[in-house]
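Q: I have a structure here, written as structure tokens, and I will follow up with some questions on it.
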Amino acid sequence: MLETQKKCMEINLSAIKRNYEKVRQEVNVPVMAVVKGNAYGHGMGEVALALQKAGAEWFGVEFVEEGIALRKAGIGGRILCFTSPISREECEEFLEYDITPTIYSIESAELLNKVACQRETNCRVHLKFDTGMGRFGFRLEDLDSALAKLKNYKNFIYEGAYTHFSDAFAKSGDYTLQQLSRFQKIIERLEEEGIRVSLRHAASSVAAMDFPETRLDMVRIGGALFGVAMFKNREVKLEKASRVKARLLEIRHLARGSYIGYGRTYKTPRDMRIGIIPVGYCEGLKVQRRNYTYSILGLVRNIYQEIKDFLNPPPVAFIDGRPLRVLGRIGMQLTVVDLTGIDAKIGDEVIVAIDPIYYKGEEKVYLADEDRGRFGEN
Ligand SMILES: *Cc1c(COP(=O)(O)O)cnc(C)c1O
């Protein structure tokens, strides 16, 4: 795999298909494959085509451009775009490529209906409701005024209605169930007004796995397809879908008391054997996806995590399954690791724990369908 490159990402399409199938069997309702963000870094076209072969009929993307790319890659199924058109051109694109828009604002609905009317065509849409995420969606309070308008759009076919959970991974499911109950009230109001949708959906990976009552008519699954969703349900074992391999570029012996890396943050406590690998913070290596915090409790949590990492640094690279400690600061494209007690030579393969979404290397290698290799369970 790594004959000529310094690094490559291997993507196991059959693992993604097996994950899809396992999720489908567990939830027992149609599964929309969410492939936004270049399929979470795994390559949108390749992943979607593999899932299409595995029977997926619905695909979810954030932006219309992503939907167009799916059509050009040969996806014939339904594509739901999670955002609304904001210009005439975008409305045209939705209709041209048969991409189903989400409607959460009257301005956008007005524009899209007008364009559909001019083109003498109907447009299937999904309505989105904000039940507690604080982003897109009509809210319960705005419902009456929104419904009054929505009923006038003659070129719309109201096919779906959905919401998005903000805290399904929390210890308690209270907030998720509150959101679900708000959503159900909204659905009742829609029905009273004569808007009967055939697809009510709410759950993404974690909710779909951990809260069966949220599955409704369809679930929208992203992370679980790639084995990266943090759900609690232990019945379902999913596989990691990718791994990044890099070659050991250099091995050196440093005398005791040598400094390593920018800022001299690490001083060798003894003579040491170190290695250099061709990945760095430009690949997201150890760039913490640290979240803003707006409370003292959040601040304390962040500090606690920082202390935990200090005492027990999470490994970022492995040789033959053995974790390698990072020494000094991680550079843009280079990282120094401790090779004490590890029998390795220049050119050896190192597995690097980077989130595929950040992978910058040229090489993406799609393992053949018949390859039954597994990268480990999540
Ligand atoms: C990203 C996204 C999903 C998929 O979320 P996962 O947690 O990765 O399964 C589902 N629905 C919407 C609206 C999303 O934006």
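Q: Express in nm, to one decimal, how much length is gained between R139 and R325 on full extension, taking 0.36 nm for each residue of separation and deducting their alpha carbon distance. Mind dumping the intermediate values first?
A: Details: separation 186, 0.36 × 186 = 66.96 nm, distance 4.89 nm.
Here the answer is 62.1 nm.
Q: Please give the FRET efficiency for E110 paired with E62, using the beta carbon to beta carbon distance and R0 = 22 Å, rounded to the nearest 0.05. Write out the running numbers ahead of the final one.
A: On the way: r = 22 Å, r/R0 = 1.01.
That gives a FRET efficiency of 0.50.
Q: Right, next: Any chance you could list P(r) for the stretch 1-155, counting all Cα-Cα pairs in 10 angstrom bins from zero, rounded to whole %?
A: Distribution as computed: 10, 33, 30, 19, 6, 2, 0 percent.
Q: Just to confirm my numbers, what's the Cα centroid distance between the stretch 121-140 and the stretch 58-105 in Å?
A: 15
Q: So, one more: I want to make sure I understand the PRE zone here: with the label point 7 angstrom from the Cα of D271 toward its beta carbon, which residues in the stretch 226-260 have backbone N atoms less than 14 Å away?
A: 252-258
Q: Nearest 0.05, what FRET efficiency do T340 and Q178 give at R0 = 41 Å with Cβ-Cβ as r? It would help to have the intermediate numbers written out before the result.
A: Working: r = 52 Å, r/R0 = 1.27.
The computed FRET efficiency comes out at 0.20.
Q: Ok, one more. Please give the FRET efficiency for I307 paired with Y97, using the beta carbon to beta carbon distance and R0 = 41 Å, rounded to the nearest 0.05. Mind showing how you got there, number by number?
A: Working: r = 50 Å, r/R0 = 1.22.
The formula returns an efficiency of 0.25 here.
Q: To the nearest 20 Debye, how big is the dipole of the stretch 1-133 about its Cα centre, given +1 on the beta carbon of each Lys and Arg and -1 on that of each Asp and Glu? Kindly include the intermediate steps, with their values, before the conclusion.
A: On the way: 16 positive and 19 negative charges, 105 e Å.
The calculation lands at about 500 debye.
Q: Connecting C-alpha atoms closer than 10 Å in a GNM of the chain, tell me which of M218, M230, M209 has the biggest fluctuation.
A: Among M218, M230, M209, the largest GNM mean-square fluctuation belongs to M230.
Q: For the ranges 189-197, 124-132, what's the packing order if you count other beta-carbon atoms within 10 Å of each residue, average per peptide, and put the highest first?
A: Values: 189-197: 13.6, 124-132: 23.0.
Listed from highest to lowest mean packing, they are 124-132, 189-197.
Q: If you wrap a convex hull around the C-alpha atoms of the stretch 112-237 and split its volume per residue, what is the figure in Å³? Please list the in-between numbers first.
A: Working: hull volume 14.8 nm³, N = 126.
Taking only Cα atoms, the stretch 112-237 has a hull volume of 118 Å³ per residue.
Q: Are any of the pairs K308/K364; K267/K308; K36/K154; K151/K185; K53/K232; K240/K308 more than 23 Å apart by Cα-Cα distance, and if so, which? Each step should come with its number before you reach the end.
A: Working: K308/K364 34 Å; K267/K308 21 Å; K36/K154 30 Å; K151/K185 18 Å; K53/K232 29 Å; K240/K308 25 Å.
Among K308/K364; K267/K308; K36/K154; K151/K185; K53/K232; K240/K308, the Cα-Cα distance tops 23 Å for K308/K364; K36/K154; K53/K232; K240/K308.
Q: Could you list T265, T214 in order of exposure, starting from the residue whose Cβ has the fewest other Cβ atoms within 10 Å? Kindly include the intermediate steps, with their values, before the conclusion.
A: On the way: T265 11, T214 25.
Taking fewest neighbouring Cβ atoms as first place, the list is T265, T214.
Q: Along its principal axes, what span do the Cα atoms of the stretch 1-60 show, with the longest given first and each in whole Å?
A: 44, 19, 16
Q: Sticking with this one: What dipole magnitude, in Debye to the nearest 20, does the chain give about its Cα centre under +1 on Lys/Arg Cβ and -1 on Asp/Glu Cβ?
A: Details: 55 positive and 51 negative charges, 285 e Å.
I would put it at about 1380 debye.
Q: Percent of alpha carbon pairs in the chain separated by more than 33 Å? Walk me through the numbers before you get to the answer.
A: Details: 29751 of 71253 pairs.
Above the 33 Å cut-off, the chain has 42 percent of its Cα pairs.
Q: Going toward the positive end of the dipole of the chain, with +1 on Lys and Arg Cβ and -1 on Asp and Glu Cβ, which of I351, T293, G361 do you reach last?
A: I351
Q: Can you tell me the length gained on complete extension of the stretch K151 to Y292, counting 0.36 nm per residue apart and subtracting the Cα distance? Walk me through the intermediate numbers first.
A: Numbers: separation 141, 0.36 × 141 = 50.76 nm, distance 4.03 nm.
Extra length available between K151 and Y292 comes to 46.7 nm.
Q: 5 Å is the cut-off here: which amide hydrogens, built 1.01 Å from N in the peptide plane, fall below it relative to F375, excluding neighbours closer than 5 in sequence?
A: Result for F375 returns K240.
Each value in this text was obtained by applying a stated rule to the coordinates, not by laboratory testing. Owing to the predicted nature of the structure, the values given are computational and were not obtained by experimental measurement. Note: ideal-geometry Cβ built from the backbone for every residue, glycine included; neighbour counts use all protein chains shown.
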